[in-house]
Amino acid sequence: MKFTFISRMVLILFGAVVSGCAGYDRAFLATKTNVGLDIDSKPPTAEITIARKEMAILPTFPGAFDNAQSEHNSTTTSGSVQSEKKETSGKESTLPVLASFGLEGGFFNPKITGHFAGGDAAVYLAGEDGEVDSTLCLASEKKIDMRSPLLKFWHWITFTPETDALEQARAEVRPFYFATDTAFGVKVAWSGTTGPYPDALKLGYNRKEFASPPIFINKGCGSETKAITTITEGKAENAANGSAVEKWSVKLPSFYASTHNESDFGYFFNSRVKHLQFFATGQAAAVFAKKASVRRVAFENMAPEAANIEAINLNQNLVSETNKIFEANTSKQSVILNEAIRLELVPKETSTSSFKNALNSNVKTGNYLISTKLNELRIFAHNPN
């Protein structure tokens, strides 16, 4: 009886710890992909299929506003101009995450792509040009409390002042959990709990991705120190009237993992495999995701039809501009033609009289690789050697 009671108490305490740790001070994002055979005992799984599971748990923040775009000028009754911050009251905002999976080809010659990102890296991959900042700015009359229930209870029983507790929680160093597990081929795993028999058998492509980054909250939004003006029923009330509220910045650290797998087992003696993986956190993830070529490849993987439309439109504009430069610069037409041949945009037998028609053949190609070459030719045409 005593043992049973102790066991139950241990379970209760364990449940309290688990639920207490599930506060709002970190995000949770996980995916699982299977292409082929997957037999596992934890959790019980038996499937021969193409399966994809995705899950994200993120806090939402009512009253968030864009620190860069929400500022505007308004004229007061006295005629002076003042800067205002307009809250998006009633709207909820969350931190950015992104996950995608793509499969092309047949069972024996698949092309598999995947992207898994958060923070600034996710915003860059979504196609944002220029510098980005995924920080959320919150306007609240109360201090933002991101402590877990367990930590709140601990501070309560230790009589820790709320101000000190919040400062301590924001200043502590927290781990960033980020992991991927990829298997391509045959994988047999033993845990020892099933005796001589394996508890997992996988055949084909199997990948798991997991991230649990901490959410950082700091007082103030960037370098701005001006008070926020709240808008209430169309009436501006500034800090002088005592209506100013505190600003808080919420940030998710950047992380990015990608995979690219191409294989062809149509002829077993001439099999071909190409497998690439990428994994980065922090500034390395954001800088890498910012590259235009990386964003274009990711866009083609995540939305191939949309990428094809955009690439065709881009190629039309590049070809049109290059042809205009070619017509206007008659003395350098042969030089521009040779550059186009070098870039393999026109056949070698192309003449200056047939250059425009030959270059127009690239318009129908919705490929960003062609776009890169056309842009290189356009830049060269502006200032040929």
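Tabulated values for the structure
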quantity: Unmet criterion (only one of (1) farther than 27 Å from residue 248 by Cβ; (2) not in a strand (DSSP E or B)) for residue 170; calculated: (1)
quantity: Set 315, 338: member being over 30 Å from residue 181 (Cβ atoms), in a helix (DSSP H, G or I) and touching a helix residue (DSSP H, G or I) at 6+ places or on another chain (Cβ under 9 Å); calculated: 315
quantity: Residues satisfying the stated conditions in the stretch 260-272, i.e. modelled with pLDDT of 85 or more and open to solvent by less than 10 Å² (accessible area, probe 1.4 Å); calculated: 261
quantity: Residue satisfying condition, being free of Cβ contacts under 8 Å to residues at least 12 places away in the same chain, open to solvent by less than 70 Å² (accessible area, probe 1.4 Å), under 30 Å from residue 115 (Cβ atoms) and not acidic (Asp, Glu), within set 311, 306, 298; calculated: 306
quantity: Any hit, the stretch 140-161, residues being touching a residue at least 12 places away in the same chain (Cβ under 8 Å), closer than 25 Å to residue 289 by Cβ and open to solvent by 20 Å² or more (accessible area, probe 1.4 Å); calculated: no
quantity: Positions within the stretch 342-357 being open to solvent by less than 40 Å² (accessible area, probe 1.4 Å) and not in a loop (DSSP other than H, G, I, E, B), in sequence order; calculated: 355
quantity: Flag for residue 133 being modelled with pLDDT under 80, out of contact with any helix residue (DSSP H, G or I) (no Cβ under 6 Å at 6 or more places or on another chain) and either open to solvent by 20 Å² or more (accessible area, probe 1.4 Å) or not polar (S, T, N, Q) (or both); calculated: no
quantity: Residue count for the stretch 173-209, restricted to those that are of a type outside the set (Phe, Trp, Tyr) and open to solvent by 80 Å² or more (accessible area, probe 1.4 Å); calculated: 5
quantity: Hits in the stretch 358-385 - residues which are part of a loop (DSSP other than H, G, I, E, B) and either open to solvent by 40 Å² or more (accessible area, probe 1.4 Å) or closer than 11 Å to residue 319 by Cβ (or both); calculated: 361, 362, 363, 364, 365, 367, 383, 385
quantity: Number of positions in the stretch 273-295 that are assigned to a strand (DSSP E or B), open to solvent by less than 60 Å² (accessible area, probe 1.4 Å) and over 17 Å from residue 112 (Cα atoms); calculated: 1
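The values are calculated or read from the model by the stated rules, or taken from the named source; none is laboratory data. Here the structure is a predicted model, which is why all the values come from computation and not from measurement. Every residue, glycine as well, gets a Cβ built from its backbone with ideal geometry; the counts of neighbours run over all protein chains shown. In case anyone asks, the SASA skips ligands and DNA or RNA and just uses the protein heavy atoms, side chains included. Shrake-Rupley method; radii C 1.70, N 1.55, O 1.52, S 1.80 Å.
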